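The block underneath contains the structure these notes are about, expressed in structure tokens.
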Amino acid sequence: MDRRSEIRDFLTTRRARVTPEQAGLKVSPLAGARRVPGLRREEVALLAGVSLPYYTRLERGDARGATDAVLDAIARALLLDDAERAHLFDLVRATNATAGTAVQGRAPRPQRRAVRPELWNMLEAMNGVPAYIRNGRLDLLAANALARALFAPVFNSPARPVNSARFTFLDPAAPAFYPDWDTVADQNVATLRAEVGRNPHDKALSDLIGELSTRGDTFRERWAQHEVRRHRAGAKRLNHPLVGQLTFTYETMELAADEGLYLIVCGVAPGSRDAETLDLLASWNATEPTTSPSNT
């Protein structure tokens with residue numbers, strides 16, 4: 001993926017969505033009709049306190065000399081949220097590192113990371129709730145028995161490694177499994193987009209994005225929007241093939257000792273219909289061991 005193009009497309013899509021009114025600018029009625037509803041480059045430069053040539057150069061992907069203070073100012077001008085701001089910093093660091101500029105930032109993550117035995121034991125001990133471990137490109141690396149039962153269509157999908165985005169976009173069972181398919185699809189794309197900024201040298205990630213982009217328009221159209229979000233907690237609905245409708249909440253925690261790996265724990269309200277449904281699913285799968293999705 002072209003780092004300069006990533007910066008260019010991200011900044012232009014963010015600029016296009018912010019109106020002058022949202023940015024706090026007063027537009028004179030004598031200024032004439034605007035060709036686009038979003039901010040103009042000169043308006044972003046004004047709001048960020050930088051020169052127009054400087055901002056134009058940055059928006060074209062030339063991030064040489066871009067300091068944290070400048071990037072913060074541009075993030076404020078474009079009304080970026082925390083996830084988008086972090087993504088902008090990641091893109092600039094990756095671009096400057098590729099160009100040979102000394103920058104501070106994360107070291108490249110290893111593309112493959114084994115799940116430590118201690119983490120397997122932790123998943124095994126969490127037998128009362130669905131829990132699994134994934135990486136930044138949404139490969140499901142380990143799961144306890146209840147998580148494998150809850151997400152059975154994902155784990156049973158023939159493609160390997162098991163990957164949430166690949167299942168969502170390429171498996172014909174996904175729309176029936178996810179009643180809110182559009183929301184799940186948007187979340188997957190936004191997660192992968194953020195990972196591209198954090199880990200630009202991950203060939204497996206590039207290959208996955210290429211696969212999803214070439215096998216259908218749905219992913220490619222969403223990818224072009226450059227949306228970035230942190231989906232660390234929330235609720236999700238499933239239409240499970242065995243037990244029917246089920247709604248659960250989830251919490252996502254990055255594993256401090258294993259950078260790039262995330263523990264996802266799912267839960268339901270005690271005494272609710274969803275809890276009864278999950279208990280039923282657990283009783284049907286009580287003898288299933290904790291296993292690696294990539295080995296099944």
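The values are calculated or read from the model by the stated rules, or taken from the named source; none is laboratory data. Please read all numbers here as calculations on a predicted model, not as lab measurements. Quick reminder, even Gly has a Cβ in these numbers, built from the backbone with ideal geometry, and neighbours come from all protein chains shown.
Remarks
- Cross-chain or 6+ apart pairs with Cβ under 6 Å, the stretch 169-180 first and closer than 14 Å to Ala152 by Cα and in a helix (DSSP H, G or I), then at pLDDT 95 or above and of a type in the set (Ser, Thr, Tyr): Ala174/Thr168
- Test result for Leu150, at pLDDT 95 or above and crowded, with 21+ Cβ neighbours inside 10 Å: yes
- Taken over the stretch 86-126, the residue count meeting the criterion of being assigned to a loop (DSSP other than H, G, I, E, B), farther than 20 Å from Pro161 by Cβ and at pLDDT 85 or above is 1.
- Selection status of Leu212, under 18 Å from Phe10 (Cβ atoms), surrounded by 21 or more Cβ atoms within 10 Å (Cβ to Cβ), touching a helix residue (DSSP H, G or I) at 6+ places or on another chain (Cβ under 7 Å) and in contact (Cβ under 8 Å) with a residue 12 or more places away in the chain: no
- Close pairs from the stretch 55-83: first surrounded by fewer than 19 Cβ atoms within 10 Å (Cβ to Cβ), partner polar (S, T, N, Q) and part of a loop (DSSP other than H, G, I, E, B), Cβ under 8 Å, at least 6 apart: Arg64/Thr101; Leu79/Gln22
- Criterion: surrounded by fewer than 20 Cβ atoms within 10 Å (Cβ to Cβ), at pLDDT 95 or above and of a type in the set (A, V, I, L, M, F, W, C) - qualifying residue of Val189, Val184, Val265: Val265
- Every test in (1) within 16 Å of the chain's Cα centre (by Cα); (2) modelled with pLDDT of 95 or more; (3) crowded, with 16+ Cβ neighbours inside 10 Å is passed by Thr252 save one, and that test is (3).
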